[in-house]
Structures are given as structure tokens and as C-alpha cells.
Amino acid sequence: MNPMFEILVFTLNAIVIYFLADWILRMIEARRGQELPQRQVVFFVIILALALVSFRLLKIVLSGAAA
């Protein structure tokens, strides 16, 4: 697999999970009807979970594609 392609895929994934985490956080706040007191911490936890899962899945998919 081309290293530049992997860099591009992982970068695009990072951008997507950033906006997805922001959307999830906004949905949580909309359901509560107010901003969360520790908004940054909740955002960090959401983006960390998304990053761990999505980067691991990408690694599996990209390594499987190389075989």
C-alpha cells in the first residue's frame, strides 16, 4: 500500500471523526437542553473513542487490502 495513500485516508478519517464528535456532543446538549459543564472533557472522550475504533478498523482494512 502506498504510504501517501495511507496518510491521506487517516487524515480524512481524523477530519470526519472530529466533526462527528462535535455533532454527537451537540446532540447530547440538545437533549439536555443546556451546555455540559465539562464540555471539553466530554468532547475528548467522544473523539478518543471514535479515533481508537476507526483507526483500528482502518488499519485492519488497509493491511487486508495489501494482501
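Values in this text are rule-based calculations from the coordinates and carry no lab data. No experiment lies behind these values; they were computed from the predicted model shown. Note: ideal-geometry Cβ built from the backbone for every residue, glycine included; neighbour counts use all protein chains shown.
Helix 3-32 and the long axis of the chain differ in direction by around 20°, with both axes built from C-alpha atoms. Debye-formula intensities of the chain, expressed as log10 I(q)/I(0) at q = 0.12, 0.13, 0.25, 0.29 Å⁻¹, are -0.40, -0.45, -1.03, -1.22 (one equal scatterer per alpha-carbon, no solvent). By the count of other C-beta atoms within 10 Å, a proxy for reagent exposure, Glu35, Glu29 are ordered fewest to most as Glu35, Glu29.
In the stretch 3-66, with Lys and Arg counted as +1 and Asp and Glu as -1 at Cβ, which of these residues, Met4, Leu52, Pro37, has the Cα nearest the positive end of the dipole, that is, farthest along it? Positive-most Cα among the choices belongs to Pro37. The gain in end-to-end length when the Leu8 to Leu57 segment is fully stretched comes to 16.1 nm, 0.36 nm per residue minus the alpha carbon separation.
Helix-only arithmetic for the chain: the sum of -39500 (n - 2.57) across DSSP H runs with n ≥ 4, divided by the residue total, places the mean residue ellipticity at 222 nm at -31000 deg cm²/dmol.
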